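S.K.: Have a look at this one before I ask anything.
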Amino acid sequence: MEEEVYEPVIGLEVHCELKTITKLWCGCKNEFGVEPNTNICPVCLGLPGSLPVLNEQAVKFAAMIGLALNCEVKPSIFHRKNYFYPDMPKDFQISQYDQPINVNGFLKLDKNVTIGVVRAHMEEDTGKTTHIGSSGRIHESSGASIDYNRAGVPLVEIVSAPEIKSAEEAKKYVSELRAILVATNTTDGKMEEGSMRVDANVSVRKIGSIEFGTRTEIKNLNSLRSLVRAIDYEISRQINVIKNGEKVKQETRHWNEDASTTVPLRSKEEADDYRYFPEPDLVEVDLGNDIVRQLKQSLPVMPLERRQRIIELLKNPNEDSAFIVVDLDLDGLLLEVVKQGADAELALKRFSNEFAGYVEEVKALQPERLVELLNLEQTGQLSATQAKAVFAEMLTTKSSPSQISTGLGFGGLEDSELSELLKGIISNCPNEWNRFKDGDGKVQQFFIGQVMKATKGQANGKVVLSLLEAMKNS
Amino acid sequence: MQSRIDTFKFDSASSIASQVSKGRVSAMEITEQHLARIKSLNSDLNAFITVSDNLARSQAEKIDKKFKNGETLGPLAGVPIAIKDNIVVRGVETTCASKILKGWTPPYNATVIDKLIEADAVIVGKSNMDEFAMGSSTEHSAFGPTKNPFDLDRVPGGSSGGSAAAVAANLVPIALGSDTGGSIRQPAAFCGVLGLKPTYGFVSRYGLVAFASSLDQIGPFAKTIEDMKLLMTVISGHDSNDSTSLNFETTPVLNPSKTDIKGLRVGIVKEFNEGLTSNIAVSLKNAIEKLQVAGAVIEEVSIPSVKFCLSAYYLIAPAEASSNLARFDGVRYGARENGDNVEQMMIATRTKGFGDEVKRRIMLGTYALSKGYYDAYYKSAQQVRTLVIREFSKVYSSVDILLSPTTPSTAFKIGEKLDDPMEMYLSDIMTIPTNLAGHPAINVPFGSDDSGLPIGLQIMAPALKDGKLLSIANFLLSQEGN
């Protein structure tokens with residue numbers, strides 16, 4: 001396997017729109033999805049004579065992001081990045097260049113993996129161009145319309161160190177970053193709405209080599225799925241290029257989701273002179289140590305730590321379930337119900353599955369009610385199916401789980417009734433019974449399934465299993 | 001020599017405001033009188049690109065109504081004012097004397113315009129200028145050159161030549177200009193009027209179409225110190241729409257407690273005394289003598305870095321301009337030429353829309369900021385700037401003000417320097433250093449040359465000594481011709 005001698009080196013640039021009330025330089029509302037060109041003024045349209053004035057909330061949000069990513073927050077300045085583009089009203093973008101607000105941070109993916117965050121700087125978003133024409137492709141369109149509502153929306157660009165080693169790890173980085181950003185309440189983190197946008201810098205090199213290979217930058221990664229597929233595609237494309245004795249070209253490539261390929265967008269060498277210089281219309285930004293300290297204290301507990309708090313309660317750690325519960329911001333409630341006596345394993349299972357579809361409703365319930373429900377299921381007084389039905393009722397009524405349970409006629413099946421039922425099933429299925437007795441663990445699901453079928457899901461699986469074990473040994 | 005300096009009875013802004021406020025004359029009468037004068041003289045002078053007669057009349061009507069209703073009128077009640085055509089006035093075409101902005105009517109007012117309207121001034125028109133304020137003669141206007149009222153064959157200076165000429169020829173008592181490298185002081189000198197470049201950040205730049213953001217400053221033209229102070233009081237002060245606007249009380253700055261000439265330490269910059277015409281050297285010498293007689297202490301000082309200022313300026317200003325002028329791309333406003341695609345459209349629009357001088361500076365600036373040249377050009381120019389500031393502040397530890405001619409020569413002939421950009425750039429050699437330092441400086445008319453053309457002297461002072469400049473200028477004005 002020749003591929004194995006190469007390893008990928010991946011760095012990610014993540015742009016996120018800040019959830020400020022107004023835009024970065026003016027008082028226009030920062031809203032998504034409103035009528036085109038309604039949130040505009042001389043400043044965000046870059047009309048002659050207009051001047052930018054920095055939004056204080058945006059600076060604080062940017063600093064919070066930096067602090068959440070363990071960066072140093074520093075006095076910073078803005079530069080102009082000069083290039084012509086129709087949806088960029090001033091034909092330059094105000095961005096931070098060599099003195100960004102946040103530098104030298106890191107992001108912990110788990111106990112063992114840490115990815116460096118080189119910088120997290122502020123900049124303005126551009127407007128949005130829509131090409132008019134049947135296919136939506138630029139070269140076939142008859143014209144374009146531009147919506148400047150997004151122009152001047154504050155962005156933070158988070159640049160990772162080139163330390164990501166696979167597409168999967170890139171996905172994990174973006175997921176973790178998104179979770180952190182959402183936790184700080186500074187951004188929505190919606191990739192599909194474009195409030196979070198990811199560009200990937202990918203290169204490959206021979207394993208053991210210290211020098212980096214030539215990198216390409218991949219754009220148009222609108223979902224985690226595209227991110228993984230595009231990076232994987234690009235890694236193998238570059239390896240093939242090298243194996244064919246050619247050189248990887250430094251260029252920007254566009255991920256084509258339908259064709260599952262990356263295609264060259266423009267060559268970097270041609271368009272890379274942005275003629276940066278300090279923005280003369282703005283002054284240095286310095287929040288001061290006191291405000292930075294206050295912002296740091298105001299930060300919530302980060303998702304990794306929140307997941308850790310759940311996992312510590314478990315006998316069999318389940319990272320994925322913990323991720324979901326924290327992502328839905330249900331972990332506080334989960335910890336509370338466990339503290340009040342619910343079983344941690346069962347609680348996590350229900351929180352990450354059944355409860356996950358009803359986040360707001362669940363949050364509105366009293367924790368005691370959830371504890372009661374989970375305990376009814378845990379002790380076998382309700383089967384899993386019955387517990388689900390009771391949960392559904394709980395969302396719409398004010399009755400307690402036991403009241404609902406009684407109302408639904410879930411008296412709970414007596415062990416003796418179950419034993420009788422099981423005996424009948426065993427006599428009808430002697431082969432399966434023999435296999436079970438010989439220790440074939442797979443067959444136990446068969447018997448549980450039969451009981452569930454006969455009781456329409458009213459039986460408790462754990463009780464059935466313990467009865468089976470008792471019969472086997474008798 | 002054909003001149004348009006006639007026997008028209010000059011009435012100052014202060015006098016007009018006082019009369020209108022007392023109801024001795026209506027704002028409308030004053031407005032009509034000035035509109036008529038503009039109409040009769042503008043064809044010769046070309047001082048205005050747009051005469052905003054509709055706006056002026058409706059403003060005058062409002063002011064007169066206010067008076068009838070017994071309301072107190074603002075400090076510029078009924079005073080006609082000319083606005084350089086790079087300052088936006090809502091609903092009035094703003095061209096920056098460029099074809100590329102032909103037809104653009106801004107939907108908003110510059111902060112200074114809001115303040116003028118609040119003060120009950122009457123905006124009579126947009127004055128001519130060098131395109132995007134790039135030039136020293138007002139010849140680089142897409143709408144033809146402005147003529148010097150003292151000699152129609154000569155330039156009024158630039159880039160605020162229209163405003164200077166309008167005040168000189170009594171078309172208006174006051175006007176606004178902008179000064180990036182001398183664009184108020186140099187035309188004021190050529191036209192024999194007062195012109196102040198205020199301290200950077202003293203007057204809001206919001207609504208001033210940017211040429212070089214770190215150097216641009218709006219300032220007044222007038223014929224009396226009282227009018228200068230009146231106009232400055234109205235337009236200066238902090239503006240939350242301009243991040244570079246200074247935040248402090250304007251009254252103490254404009255009305256300093258110490259205005260004595262006795263004991264005033266006056267520095268004469270050695271480097272500025274080279275290559276002066278004899279007439280200008282005589283004027284400077286006269287002024288020095290008057291100051292000495294009044295008790296000022298004269299000292300020759302040296303600011304060696306001023307010899308690098310012109311070079312530094314012609315890197316910094318074009319660099320910022322190349323970026324500031326990028327937005328004129330035909331996409332959103334102004335002129336648009338056709339092209340096969342967006343890029344071709346932009347190229348065609350800019351090729352046709354900009355004049356030669358603007359293109360020259362965009363190219364200069366683009367080059368200075370380019371990768372591999374940034375350190376050698378833009379960065380070292382900024383280092384010169386730091387050096388200039390340091391040397392000025394050192395000099396100001398031993399003198400209170402600096403005195404020099406405003407220009408090396410008096411008004412030159414139209415067309416004389418048009419083919420030699422370097423020669424044209426030298427017109428600003430004495431005015432540029434204060435822009436780089438961010439300090440205030442004023443032109444005071446002081447004498448005239450053998451052909452009767454005005455000579456201007458420049459007084460410079462440290463930041464926020466704008467009021468002090470006005471009081472010293474007042475002294476020199478009182479001594480002129482004595």
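We did not get these values from a lab; they are worked out from the coordinates using the rules stated. Everything quoted here is computed from the prediction, not taken from an experiment. FYI the Cβ positions are ideal-geometry reconstructions off the backbone, even for glycines, and counts take in every protein chain you see.
S.K.: Please report Rg over Rh for the range B:332-482, where both radii come from the alpha carbon positions and Rh follows the Kirkwood definition.
M.R.: Radius of gyration over Kirkwood radius for the range B:332-482 works out to 1.09.
S.K.: Here's a follow-up. If the convex hull of the alpha-carbon atoms of the range A:303-407 is projected onto planes in all directions, what is the mean projected area in square nanometres?
M.R.: Result: a mean projected hull area of 5.9 nm².
S.K.: Per 10 Å bin, what percent of the C-alpha pairs of chain B does each bin hold, from zero upward?
M.R.: Reading upward from the zero bin: 4, 21, 33, 27, 12, 3, 0, 0.
S.K.: Longest segment of chain A with no GluC sites (Glu not before Pro) in a DSSP loop having at most 15 other Cβ atoms within 10 Å?
M.R.: Counting at most 15 other Cβ atoms within 10 Å as exposed, the longest clean stretch of chain A is A:32-191.
S.K.: Pairwise over distinct Cα atoms, reciprocal of the mean inverse distance: report the Kirkwood radius of chain A in Å, one decimal place.
M.R.: Every distinct Cα pair counted, the radius reaches 26.4 Å.
S.K.: Run down the aspartates and glutamates and flag those whose C-alpha is under 19 Å from the C-alpha of B:Lys258, throwing out any fewer than 8 positions away in its chain.
M.R.: The qualifying aspartates and glutamates are B:Glu226, B:Glu249, B:Asp400, B:Asp466.
S.K.: Specify which residue in the list A:Pro317, A:Gln250, A:Gly332 is farthest towards the positive end of the charge dipole of chain A, using unit charges on the beta carbon of Lys, Arg (+1) and Asp, Glu (-1), about the Cα centre.
M.R.: So the residue furthest toward the plus end is A:Pro317.
S.K.: Using only Cα atoms and rounding to the nearest 10 degrees, what angle (0 to 90) does helix A:167-184 make with the longest principal axis of chain A?
M.R.: So the inclination is approximately 90 degrees.
S.K.: Measuring from the lowest to the highest alpha carbon on each principal axis, how far does the range B:13-254 reach, largest first, in angstroms?
M.R.: Principal extents (Cα only, largest first): 47, 43, 33 Å.
S.K.: Restricting to DSSP loop positions (anything but H, G, I, E, B) with no more than 12 other Cβ atoms inside 10 Å of their own Cβ, which GluC sites (Glu not before Pro) remain in the range B:1-88?
M.R.: Within the range B:1-88, the qualifying GluC sites (Glu not before Pro) (loop, at most 12 other Cβ atoms within 10 Å) are B:Glu71.
S.K.: Using unit Cβ charges (K, R positive; D, E negative) and no other charged atoms, how large, in debye to the nearest 20, is the dipole of the protein assembly as shown about its Cα centre?
M.R.: That gives the protein assembly as shown a dipole magnitude of about 960 debye.
S.K.: Further question on the same structure: Any chance you could give the angle, 0 to 90 degrees and rounded to 10, that helix A:56-68 forms with the longest Cα principal axis of chain A?
M.R.: Between the helix axis and the principal axis of chain A, the angle is about 60 degrees.
S.K.: Which number gives the lysine pairs in the range A:415-473 that have C-alpha atoms under 21 Å apart and are eight or more places apart or on different chains?
M.R.: Qualifying lysine pairs in the range A:415-473: 13.
S.K.: Specify which residue in the list B:Asn148, B:Thr349, B:Val88 is farthest towards the positive end of the charge dipole of chain B, using unit charges on the beta carbon of Lys, Arg (+1) and Asp, Glu (-1), about the Cα centre.
M.R.: Value computed over the given set: B:Val88.
S.K.: To continue, here is another question. If eta is 0.890 mPa s and T is 25 °C, what Stokes-Einstein diffusion coefficient results for the range A:228-366, Kirkwood Rh from Cα pairs, in µm²/s?
M.R.: Stokes-Einstein gives a translational diffusion coefficient of 119 µm²/s.
S.K.: Another question about this same structure. Using only Cα positions of the range B:51-140, each an equal point scatterer, no hydration layer, compute I(q)/I(0) via Debye at q = 0.20, 0.25 Å⁻¹ and quote the log10 values to two decimals.
M.R.: Reported log10 I(q)/I(0), two decimals: -0.91, -1.22.
S.K.: Additional query: If you find the alpha carbon centre of the range B:312-350 and of the range B:1-28, how far apart are they in angstrom?
M.R.: The distance from the Cα centre of the range B:312-350 to that of the range B:1-28 comes to 42 Å.
S.K.: Residue by residue through B:319-329, how many Cβ atoms from other chains fall within 10 Å of the Cβ on average?
M.R.: Per residue, the average neighbour count from other chains is 6.
S.K.: Treating each Cα of the range A:85-201 as an identical point scatterer and ignoring solvent, apply the Debye formula and state log10 I(q)/I(0) at q = 0.11, 0.12, 0.13 Å⁻¹.
M.R.: -0.48, -0.57, -0.65
S.K.: Same structure, new question: Considering only the protein assembly as shown, what is the antiparallel percent among its DSSP beta bridges, to the nearest 5?
M.R.: Taking every DSSP beta bridge with both residues in the protein assembly as shown, the antiparallel ones total about 80 percent.
S.K.: In addition: Per the Kirkwood formula on distinct C-alpha pairs, the Rh of the protein assembly as shown is how many angstrom?
M.R.: Value: 32.9 Å, from the Cα pair sum.
S.K.: Starting with the fewest neighbours, write out A:Ser399, B:Ser26, B:Ser302, A:Ser321 ranked by other beta-carbon atoms found within 10 Å of each beta-carbon.
M.R.: B:Ser302, A:Ser399, B:Ser26, A:Ser321
S.K.: Could you tell me the center-to-center distance, by alpha carbons, between the range B:223-298 and the range B:413-438 in angstrom?
M.R.: Centre-to-centre (Cα) distance: 21 Å.
S.K.: A follow-up question, please. Going by Cα centres, the range B:105-172 and the range B:380-407 are how many Å apart?
M.R.: Distance between centres, Cα-based: 29 Å.
S.K.: What do you get for Rg/Rh of the range B:13-66 when both radii come from the Cα atoms and Rh is the Kirkwood radius?
M.R.: With Rg and the Kirkwood Rh in hand, the quotient comes to 1.02.
S.K.: A further question follows. Which whole-number percentage describes the relative contact order of chain A, with Cα contacts under 8 Å and a sequence gap of 6 or more?
M.R.: 14 percent
S.K.: Please report, in debye to the nearest 20, how large the charge dipole of chain B is about its Cα centre when each Lys and Arg carries +1 at its beta carbon and each Asp and Glu carries -1 there.
M.R.: 620 debye
S.K.: Here's a follow-up. What number does the range B:297-417 give for Rg over Rh if you use C-alpha atoms and the Kirkwood radius?
M.R.: 1.13
S.K.: Counting Lys and Arg as +1 and Asp and Glu as -1, each charge on the Cβ, what is the dipole of the range A:415-473 about the Cα centre in debye, to the nearest 20?
M.R.: Here the size comes out at about 140 debye.
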